[in-house]
Structures are given as C-alpha cells and as structure tokens.
Amino acid sequence: MARVAVVTGGTRGIGAAVSKALKAEGRQVAATYHSNDEAAAKFKAETGVHVYKWNVADYNECVSGLGKIAADIGPVDILVNNAGITKDGMFHKMTPDQWYGVINTNLNSLFNMCRPVIEGMRERGFGRIINISSINGQKGQMGQANYSAAKAGDLGFTKALAQENANKGITVNAICPGYIATEMVLAVPKDVLEKAILPQIPVRRLGQPEEVARCVVFLASDDSGFITGATLSANGGQIMV
Ligand code: CAA
C-alpha cells in the first residue's frame, strides 16, 4: 500500500508544492487547509489530492480531522507540519492577538498534529515527521518576535521528538526555508523586500516552493531512516549554520 502523507496548509504556497511532490512520489496525500475554500477546490481539481478543512491551532479539530483521514485513506505514515501564518509588527506595538495567533498556529499546531498520530506510528514502527520551521527561527527577525519564537520552538520540539522516537522507526526533522516566492513573502512591503532582504541572499533571488518540496521528499523517503533530529536549511545561502 502507498504510504499516507498529510500536509498541513497543503493547498497553497510551499504546502501545495509539497503535496504535489509527494503525490508524484506515489504517496497517498491529504492536504489540510484552514479557510480558503476556493483555492482548495481548485487545487483538488487540478491535482486529485484529497483536501480537508480544519484549524491546526485547535487540538480537537486535529483529532477528528486525522481520524477522518485514517478512515478515508489510512493511518498517517508521513506528516508534514507546514501550516503557518505571519502577523508581523515591532514587538513594542504587538498585540496579544498577534502573539497568540502566531504561536498557536505555528507552534502549538505541532502538538495538536503530532500527538494524535505518534502512538500509531510507534505501534507500526514507521513514521516520518517533517516540520517546516524558518530561517527566522534560526536567526531571529525584526518585526517577527512572535514568528521567530514559534519557529525556534519548532526546532526544539523536532529534536526532542526525534530522540523519543528514534528506536521506533520514526524520524523527525525540520526544514528551514529562507525567503520563498509565496504569497506570505510577497506580502512583505516591497521596499523592505527589495532593499533589506534580497541583498542578503547570496544566490540573488527568492527560493521557489518546489525547492523546499525537494527537501521534504528526501526526508520523507523510506531510505532516509538514518537522518533524524536534523535541520535542513534551504535559504539561498542567506545564513549558514
Ligand atoms: N530586514 C531588514 N530590515 C528590515 C526588515 C527586514 N526583514 N523589515 C523592516 N526592516 C527595516 C526597514 O527597511 C526600515 O528601515 P529604514 O528605517 O532604514 O528604512 C525599518 O526596518 C522600519 O521598517 P518599516 O518602515 O517597514 O516599519 P513599520 O513599523 O512600518 O513596519 C515591519 C515594521 C512590520 C517589521 C515591516 O517592516 C515588515 O513587515 N517587515 C518585514 C518583516 C519580515 O521580514 N517578515 C518576514 C515575512 S516572510 C516569512 O516570515 C517567511 C519566512 O519564514 C522567511
């Protein structure tokens, strides 16, 4: 049976590229999304990927959504925690909604998604968990105290979960994309993007979603079992850690 992969935020941006790449590898892919029904319907029609709507910031919705996927397709073998949002602003002006919104969606979602699937992966002796963190979780970013905190938290979570499950056939890894040409990055003020960000990228361009998807395919493979707790950077050389 083809392995079952779930990609959160899997109908747009980096997630859409990941869903397509995993499907091309022969996985049975379920993509979750939060609110954009139109984009999800279009993505489903174009790709044939199953789509499911729920909020990854809500534990109970994750439990019931993952239960539905298990019933429809099968238990999850590959989980890609990709869903993420930004609510940028300088910290001295940041509201509780900006802080908690980003922490809940970008960090607490990892608990909400991993906890319901981890026991099954341990019982079956196989799992691939890939957390999409960010360059800004590695280096920090002005205007993103909330996002940088969440994405750095994703890295600590990845390493702890990797250690706990290494002897059960489960790998847990993180990918840190740099600035990728998605709606999220293109929402950065144009002058900031052009004057402050692009000059910091040695390859002199934004990344493409497919370039991150390649990393996911690699880490999700059956034969990547010796790689766990790793952080794979895909940032055009912007930082080298
Ligand atoms: N890198 C370097 N300098 C930056 C910067 C950045 N990312 N963002 C802002 N600055 C600089 C500006 O160029 C400006 O400098 P000058 O005064 O010399 O012109 C200064 O900081 C103040 O910026 P603003 O005038 O824009 O101030 P503001 O209060 O109106 O807005 C802000 C502040 C909300 C931080 C806004 O600048 C902004 O949204 N910046 C982008 C922040 C960012 O990089 N977000 C990443 C989003 S993409 C993402 O998160 C995906 C991922 O994982 C990489």
| remark: Check: C-alpha center region 141-192 vs C-alpha center region 54-89, spacing in Å is 16 Å
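Taking the Cα centre as origin and putting +1 on Lys and Arg beta-carbons and -1 on Asp and Glu beta-carbons, what dipole magnitude results for region 95-153, to the nearest 20 debye?
Values: 6 positive and 3 negative charges, 44 e Å.
Value, rounded to 20: 220 debye.
Going through the cross-link list LYS44/LYS168; LYS53/LYS93; LYS139/LYS159; LYS20/LYS68; LYS44/LYS68, which pairs have a Cα-Cα distance over 27 Å in this structure?
Values: LYS44/LYS168 33 Å; LYS53/LYS93 32 Å; LYS139/LYS159 18 Å; LYS20/LYS68 21 Å; LYS44/LYS68 17 Å.
From the list (LYS44/LYS168; LYS53/LYS93; LYS139/LYS159; LYS20/LYS68; LYS44/LYS68), the Cα-Cα distance tops 27 Å for LYS44/LYS168; LYS53/LYS93.
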| query | With each pseudo-label sitting 7 Å past Cα toward Cβ, what's the ARG214-LEU198 distance in nm, one decimal? | reply | 2.2 nm
| remark: ASP222 neighbourhood, Cβ < 14 Å, K/R = +1, D/E = -1, net charge +1
| Phi-based couplings in Hz for region 124-137 (Karplus 6.51, -1.76, 1.60; Gly and Pro marked x) | 7, x, 7, x, 10, 10, 10, 9, 8, 8, 6, 3, 6, x
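If you rank ASP72, ASP191 by fewest surrounding Cβ atoms within 10 Å, what's the result? Show your work: numbers first, answer last.
Numbers: ASP72 12, ASP191 8.
Going from sparsest to densest Cβ surroundings: ASP191, ASP72.
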| Taking all pairs of different Cα atoms in region 7-73, averaging 1/r and flipping that mean, what Kirkwood radius in angstroms comes out? | 11.8 Å
| request: Quick one: grab Rg to one decimal and Dmax as a whole number for the chain, Cα atoms only, in Å. | output: 16.9, 52
| field | Relative contact order %, region 1-102, counting alpha carbon pairs below 8 Å whose residues are six or more apart | value | 30 percent
| request: Place a +1 charge on the Cβ of each Lys and Arg in region 4-230 and a -1 charge on the Cβ of each Asp and Glu, then give the dipole magnitude about the Cα centre in debye, rounded to the nearest 20. | output: 320 debye
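ASP222 to LYS42: extension gain in nm, 0.36 nm per residue of separation minus the Cα-Cα distance? Write down the numbers at each step before the final one.
On the way: separation 180, 0.36 × 180 = 64.80 nm, distance 3.05 nm.
61.8 nm is the gain from fully extending ASP222 to LYS42.
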| said: Explain nothing, just the number: relative contact order of the chain, from Cα pairs under 8 Å at least 6 residues apart, as a whole percent. | reply: 20 percent
| query | Using modelled amide H (1.01 Å from N, peptide plane; none on Pro or chain starts), what sits under 5 Å from the amide H of GLY229, excluding residues fewer than 5 places away? | reply | VAL172, ASN173
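Readers should treat all values here as calculations from the given coordinates under stated rules, not as data from a laboratory. Since the model is a prediction, treat every value here as computed from it, not as a measurement. FYI the Cβ positions are ideal-geometry reconstructions off the backbone, even for glycines, and counts take in every protein chain you see.
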